[in-house]
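Everything below concerns the one structure shown next.
The values are calculated or read from the model by the stated rules, or taken from the named source; none is laboratory data. Keep in mind that this is a model prediction, so the values were computed, not measured. Here the Cβ positions follow ideal geometry from the backbone for every residue, glycine too, while neighbour counts run over all protein chains shown.
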Amino acid sequence: MLGPRDHYDLAIIGSGSGNTIVDEAFADRTVALVERNPVFGGTCLNVGCIPTKMFVLPADLAASPATAARLGVDLRREGVDFGEIRDRIFGRIDPISAGGKQWRQQADNLTLFDGEARFVGPKRLRVGDQEFGADEIVLATGSSPVLPDVPGMDLPGVHTSDTVMRIPDLPGSVVIIGGGFVAAEFAHIFSAFGAKVTQISRSDALLRAEDITISRRFTELTAERVTLRLNQEIVACEEGADGRTAVITRDADGVDYTYQADIVLVATGRAPNSAQLDPAAGGVNVDDAGYVIVDDYQRTTAEGVYALGDVCSPWQLKHVANAEARVVKHNLLHPDDLIKSDHRFIPHAIFTDPQIASVGLTEQDAVGGGVPHVIAIQDYGAVAYGWALEDTDHLVKLIADPDGGQLLGCHIMGPQASTLIQPLVQAMTFGLPAREMARGQYWIHPALTEVVENALLALPLGGDR
Ligand SMILES: Cc1cc2nc3c(=O)[nH]c(=O)nc-3n(C[C@H](O)[C@H](O)[C@H](O)COP(=O)(O)OP(=O)(O)OC[C@H]3O[C@@H](n4cnc5c(N)ncnc54)[C@H](O)[C@@H]3O)c2cc1C
Ligand SMILES: NC(=O)c1ccc[n+]([C@@H]2O[C@H](COP(=O)([O-])OP(=O)(O)OC[C@H]3O[C@@H](n4cnc5c(N)ncnc54)[C@H](O)[C@@H]3O)[C@@H](O)[C@H]2O)c1
């Protein structure tokens with residue numbers, strides 16, 4: 001490893017997507033890489049996308065007896081070995097994280113700093129008692145869970161997604177606070193594993209940022225699997241009976257309720273890790289929500305300082321952080337030929353039950369923004385593979401421009417949604433109109449992709465189908 005120096009060519013703060021930038025193309029540059037967490041590799045690898053999805057797959061299997069029964073197959077869930085699942089997941093992830101750190105420590109042009117970085121002046125950083133400057137700096141410090149400002153959030157039974165995947169045993173009961181992505185995924189995981197789940201949301205529907213049809217139907221389906229309490233504010237968490245934790249809530253009429261559970265998962269959003277950087281000292285401006293302000297080239301307001309990922313991207317998605325890291329990498333290597341980030345058609349998927357995937361405008365966006373549009377809703381149950389699934393609940397909803405038929409928004413809820421959405425993302429990104437997409441290619445019969453084909457054909461665009 002390169003010993004600490006007073007000056008580097010490049011400093012990168014954060015070992016998540018920031019760690020993907022430096023490769024052999026940077027061999028002639030001195031690099032400082034700073035990570036405050038002893039665990040290397042950031043959120044996605046250690047406490048985010050990867051371990052959650054590794055829990056979701058066994059949860060899907062654990063939930064499958066109910067689906068199988070509808071099809072005349074008697075599957076029995078004999079049990080879920082939570083400890084075995086947890087240890088298998090982290091037995092795989094932890095060595096990848098440790099290996100990534102070791103690899104960086106061996107690089108002869110890079111110093112790995114263990115500690116929290118902050119600006120002490122323009123292009124000048126402090127980590128612990130060490131101070132150094134850098135010609136260029138990349139802020140890739142991610143985001144952290146935000147907890148409601150109520151008493152009891154520090155009780156031992158209260159978890160966030162950072163800690164809940166390493167608990168010793170499967171809890172008998174879980175209260176989940178929140179109605180967003182994290183809450184949806186963990187409600188599926190814990191309920192499928194057999195825990196009694198109570199989900200509490202302060203609003204009247206789950207996943208309210210999704211298209212209104214999806215949000216409403218998902219809320220109804222969730223209420224069949226977990227105890228769902230809507231329109232309740234969190235008042236406090238307290239120590240409950242028998243070592244459990246009590247969650248106190250209040251409804252719109254001022255009536256208080258108490259829910260007791262073995263553990264509480266707080267999933268009330270994430271905020272960018274910018275304040276600890278003392279960005280003002282480095283000339284870096286942040287917005288009211290704390291996001292570092294960047295231009296299309298990922299440049300901050302301070303010359304030579306770039307930012308990427310959750311610290312500057314309200315989308316808070318790994319594929320966005322990675323794409324922005326590729327832009328920053330290019331721009332560091334080619335200062336005379338800068339490229340822009342493309343934030344036009346960013347998809348996301350929520351790996352809950354049922355899966356949800358989406359890209360582009362929702363119906364409420366289109367209506368609210370006065371955007372001319374037509375809509376098609378295609379049920380899974382109306383295509384051949386949907387018959388095989390005996391599907392009754394799931395759908396594809398498309399929103400398109402009535403002139404020209406360009407797709408404006410695509411929303412899928414049901415099996416394989418995260419995969420089915422990809423050709424629609426492709427069509428939007430490359431400007432392929434709906435009719436041409438439907439009729440300009442073969443669709444494998446009777447694959448589930450026919451639900452996308454039929455949704456495209458159902459758009460009221462006029463002309464021949
Ligand atoms: C439970 C969960 C599930 C998720 N699932 C998905 C998913 O399925 N798909 C998806 O696209 N996205 C998912 N996400 C979001 C995804 O994990 C993030 O968008 C992504 O990891 C952000 O990457 P990043 O590089 O910006 O930040 P991070 O990966 O968080 O990296 C930032 C790093 O910077 C370090 N750091 C912060 N401040 C400092 C400082 N001052 N000095 C030094 N180091 C610092 C942090 O310790 C951290 O290691 C999930 C998130 C969570 C929480
Ligand atoms: N599959 C994926 O891509 C995936 C999975 C998990 C997380 N993520 C990313 O991580 C981000 C954070 O996830 P999240 O679920 O924590 O946030 P979120 O923004 O998706 O949902 C937060 C929820 O908490 C509620 N809330 C906020 N403050 C509250 C309060 N004080 N009291 C009660 N409820 C409150 C909100 O109304 C909302 O329902 C997501 O936005 C997403 O970008 C992505």
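Okay, here's what the table says:
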read-out	value
Residue identified as within 10 Å of ligand 1 (Cβ to nearest atom) and over 23 Å from residue 185 (Cβ atoms) among 324, 363	324
Qualifying position, being within 11 Å of ligand 1 (Cβ to nearest atom), touching a residue at least 40 places away in the same chain (Cβ under 8 Å) and not in a helix (DSSP H, G or I), among 40, 55	40
Strands (runs of 3 or more DSSP E) wholly inside the range 79-162 that include at least 1 residues being more than 22 Å from the chain's Cα centre (by Cα)	110-114, 117-121, 124-127, 130-139
Residue pairs meeting the criteria (Cβ under 7 Å; at least 6 apart or on separate chains; first more than 13 Å from residue 40 (Cβ to Cβ), in the range 105-122; second hydroxyl-bearing (Ser, Thr, Tyr) and modelled with pLDDT of 95 or more)	109/30
Pick from the range 248-301, criterion aromatic (Phe, Trp, Tyr) and not assigned by TED's automatic domain parsing to the domain that holds residue 181, ranking: surrounded by the most Cβ atoms within 10 Å (Cβ to Cβ)	291
Single match in 60, 23, 74 (criterion: within 16 Å of ligand 2 (Cβ to nearest atom), at pLDDT 95 or above and among the charged types (D, E, K, R))	60
Residue that is farthest from the chain's Cα centre (by Cα), among those in the range 173-211 that are assigned to a helix (DSSP H, G or I) and among the β-branched types (Val, Ile, Thr)	189
Residues of the range 2-20 satisfying the condition of being away from ligand 2 (no atom under 16 Å from the Cβ) and among the polar types (S, T, N, Q)	15, 19, 20
Residue list for the range 241-257, filter: of a type in the set (A, V, I, L, M) and in contact with a strand residue (DSSP E or B) (Cβ under 7 Å, 6 or more places away or on another chain)	241, 246, 247, 248
Selected residue (criterion: surrounded by the most Cβ atoms within 10 Å (Cβ to Cβ)) from residues of the range 36-57 that are more than 16 Å from ligand 2 (Cβ to nearest atom) and not hydrophobic (A, V, I, L, M, F, W, C)	41
Scan of the range 172-208 for residues that are out of contact with any helix residue (DSSP H, G or I) (no Cβ under 8 Å at 6 or more places or on another chain), within 10 Å of ligand 2 (Cβ to nearest atom) and not β-branched (Val, Ile, Thr), ordered by number	178, 179, 180, 181, 183, 202, 203
Subset of the range 212-246 [part of a loop (DSSP other than H, G, I, E, B), within 15 Å of ligand 2 (Cβ to nearest atom) and not polar (S, T, N, Q)]	226, 230
Verdict on residue 72 being without any contact (Cβ under 8 Å) to a residue 12 or more places away in the chain and more than 28 Å from the chain's Cα centre (by Cα)	yes
First in the range 124-139 and touching a residue at least 12 places away in the same chain (Cβ under 8 Å) and closer than 16 Å to residue 114 by Cα, second anywhere and outside any strand (DSSP E or B) and within 16 Å of ligand 2 (Cβ to nearest atom), Cβ under 6 Å, 6 or more apart	139/311
Some residue of the range 125-142 being under 29 Å from residue 57 (Cβ atoms) and either crowded, with 16+ Cβ neighbours inside 10 Å or touching a strand residue (DSSP E or B) at 6+ places or on another chain (Cβ under 8 Å) (or both)	yes
Residue within the range 299-307 that is under 19 Å from the mean Cα position of the chain (by Cα) and within 16 Å of ligand 1 (Cβ to nearest atom) present	yes
Residues satisfying the stated conditions in the range 327-344, i.e. away from ligand 1 (no atom under 12 Å from the Cβ), touching a residue at least 12 places away in the same chain (Cβ under 8 Å) and not in a loop (DSSP other than H, G, I, E, B)	327, 329, 331, 332, 333
Filtered residues of the range 248-272 (kept if among the hydroxyl-bearing types (Ser, Thr, Tyr) and within 16 Å of ligand 1 (Cβ to nearest atom))	268
Number of the condition not met by residue 32 [criteria: (1) among the small types (Gly, Ala, Ser); (2) under 15 Å from residue 135 (Cβ atoms); (3) surrounded by fewer than 24 Cβ atoms within 10 Å (Cβ to Cβ)]	(3)
Which listed residue is in contact with a helix residue (DSSP H, G or I) (Cβ under 9 Å, 6 or more places away or on another chain), surrounded by fewer than 19 Cβ atoms within 10 Å (Cβ to Cβ) and of a type in the set (Gly, Ala, Ser), from 83, 72, 115, 121	121
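For every residue, the table says whether it meets (1) of a type in the set (S, T, N, Q); (2) more than 20 Å from residue 412 (Cβ to Cβ); (3) crowded, with 19+ Cβ neighbours inside 10 Å.
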| site | (1), (2), (3) |
| --- | --- |
| 174 | no, yes, yes |
| 185 | no, no, yes |
| 207 | no, no, yes |
| 213 | yes, no, no |
| 230 | no, yes, no |
| 245 | yes, yes, yes |
